[in-house]
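J.: Here you go, one structure.
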Amino acid sequence: MNATAIYPTAPGFKTGGTSAEAAFKVKGKADAIRMKCIMTLTERGDFTADELAALIQEHPDDVAPRLSELSGQGRIFKSGVRRPSARGNPSAVWTIDSQAKLF
């Protein structure tokens, strides 16, 4: 099965193997992580993927793809601001579309 056909509503992958395994592994909790991201952006403001991951107590590797999915759904977007990531690299600050605050 090629999950890219259902992206951005579910975790996707471009090739089989480890990418597919990771997408299927996170699929069960992806909705919950997306909801936590939306709620945090709505209630607390704009954050980078690393900042959101820390706030919602999820691993950054699980949060960053969920932000891409939410962006693909038109629910959030990059604010144009960048802040250092946990590794010191420039990281996009995500914000929520005020019209898409509710699921």
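J.: Given Cβ point charges of +1 (Lys, Arg) and -1 (Asp, Glu) and nothing else, what value in debye, to the nearest 20, does the dipole of segment 30-100 about its Cα centre take?
T.: Roughly 200 debye for segment 30-100.
J.: Could you work out how far apart the two model spin labels at K29 and A54 are, taking each label as a point 7 Å from the Cα in the direction of the beta carbon, and quote it in nm?
T.: In this crude label model, K29 to A54 measures out at 2.0 nm.
J.: Oh, and also: Any idea what diffusion coefficient segment 30-100 gets from Stokes-Einstein, in µm²/s, Kirkwood Rh on alpha carbon pairs, 20 °C, 1.002 mPa s? All intermediate terms of the calculation are to be shown ahead of the outcome.
T.: Working: Rh = 11.8 Å.
Answer from the Stokes-Einstein relation: 182 µm²/s.
J.: On to the next question. For Q73 paired with S85, estimate the spin-label separation in nm (one decimal), with each label point 7 Å from Cα along the Cα-to-Cβ line.
T.: If labels sit at Q73 and S85, their model points lie 2.3 nm apart.
J.: Straight-line reach from K36: which aspartates and glutamates have Cα under 19 Å away, leaving out those fewer than 8 places along the same chain?
T.: Partners within reach: D46, D50, E51, E58, D61, D62, E69, D97.
Read-outs throughout are calculated quantities, based only on the coordinates presented, and are distinct from any laboratory measurement. Since the structure is predicted, the reported quantities are computational estimates derived from the model, not experimental observations. For neighbour counting, all protein chains shown are included, and Cβ atoms are generated from backbone atoms with ideal geometry for every residue, glycine included.
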